[in-house]
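All of the numbers you see were taken from the coordinates with simple rules; none came from a lab. Please read all numbers here as calculations on a predicted model, not as lab measurements. In this analysis, Cβ positions are derived from the backbone assuming ideal geometry, glycine residues included, and neighbour counts consider all displayed protein chains.
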Amino acid sequence: MRIDSLIFTLAPQLKNTYTKGHNYVMVCCPFHQERTPSCSVSTEKPVFFCHSCQEGGHTSRFLRQLGMGAEAAREAVKGAGLDKPRNRIVDGLIAKYQGKNPYRGQFILNEDLLDDYRLAPKSLISAGFRKETLRHFEVGFDQDNFRITFPLRNVYGELVGISGRAALDGIEPRYKIYRTELTSRTDFGVPKEYDMEAVKSSLLWHGHLVYPLLYEERAEEVLILTEGFKAAMAIWQAGYQNVAAIVGAYLSDTQSELIANMTRHACLFLDNNPAGWKGTYFAANRLLKKGIKVVVARYPDDREQPDALGPREVQQALRDHMNVSEWRQAHERVVSEAAWKGFFRKALREAGQRREEGAF
Ligand SMILES: [Zn+2]
């Protein structure tokens, strides 16, 4: 069923729904209260965008907000023929990977797995994250293992993994991609051999919500990239929707192809420490090779991560960005070490490697 017909039948409670041209349905936004529709849902691509509250993203998210189950929403998007971003580059990539879609992953997790992690982690709230932000990023808490949970979704919005960050110092490893935590839950049929580490390097965290915005040219075209989850959330909370985390310090080849598919402009906002500098050097080179324009955020002194900055400082760091050669000059030592000590080879290995469950 076409998505517009679906919306008309699904939501008789949504008053004043109307079609706009051939490509959009205008609907009263389910993410905020309103009487006249300001939320447009595309009938050609799996995207929606609310012009009032700025919520947007994959159509399955819109359907879930209307009360549809996750499975039903996914089926509906598929049934409407919207499940594949139609793009030559993605098609080319699928051919390159011999018919396999590198972004799809081998196994899609059941959304109900997240039900056990619905609590808002107190430590993040006291660190200044708003509940709305935590909901947007679907951050939860795992009481059994005392970890903050971050769902990992591929570019289609499908759940392909869960990452758990230790809630307290001293719990090792600090970050881990869940495996035994999920395979032990027999009712969900997660294959024992499912390699979620490999999935990690094929996705951009929050990318499934940014992709439609950039694709529809509804966001500024620069994509802001961070290392970690909290950094991405801090930047989003400072007012930037188009932010994604590479979940680690080294940008993988698949990730850089995905970015090239989304945008021509990237702003690197990795951590301000030796690992982050090396990651920045590496990512900048990879992205430049793909023909992407790259700039680097300018940190105020002595601050290590975007989440250590207030919203104003985040805005300032982005406004005062450096171009790559300026950044290289400011980090001459890192650059010369990287060039002379085979750093590149090591980073390449690490970015491509399927590592055991553990720290990244
Ligand atoms: Zn809205």
Contour minus Cα-Cα span, residue 315 to residue 52, at 0.36 nm per residue, comes to 92.5 nm
Order these peptides, 52-63, 225-236, 107-118, by their mean beta-carbon neighbour count within 10 angstrom, highest first. 225-236, 52-63, 107-118
Assuming 0.36 nm per residue, please report the length gained on full extension of the stretch residue 144 to residue 323 beyond their Cα-Cα distance. 59.9 nm
Simple SL model, points at 7 angstrom along Cα→Cβ for residue 1 and residue 115; separation in nm is 2.4
Residues in region 129-166 that a label on residue 304 would reach, taking backbone N under 19 Å of a point 7 Å out along Cα→Cβ: 129, 148, 165-166
Of the listed peptides 274-284, 301-311, what is their order by residue-averaged count of other C-beta atoms within 10 Å, with the highest listed first? 274-284, 301-311
Pop out the ³J(HN,Hα) list for region 114-122 in order, Karplus 6.51 cos²θ - 1.76 cosθ + 1.60 with θ = phi - 60°, rounded to Hz; leave Gly and Pro as x. 6, 4, 6, 10, 8, 6, 7, x, 4
Place a point 7 Å from the Cα of residue 127 in the direction of its beta carbon; the residues of region 152-169 whose amide N falls under 20 Å from it are 152-153, 162-169
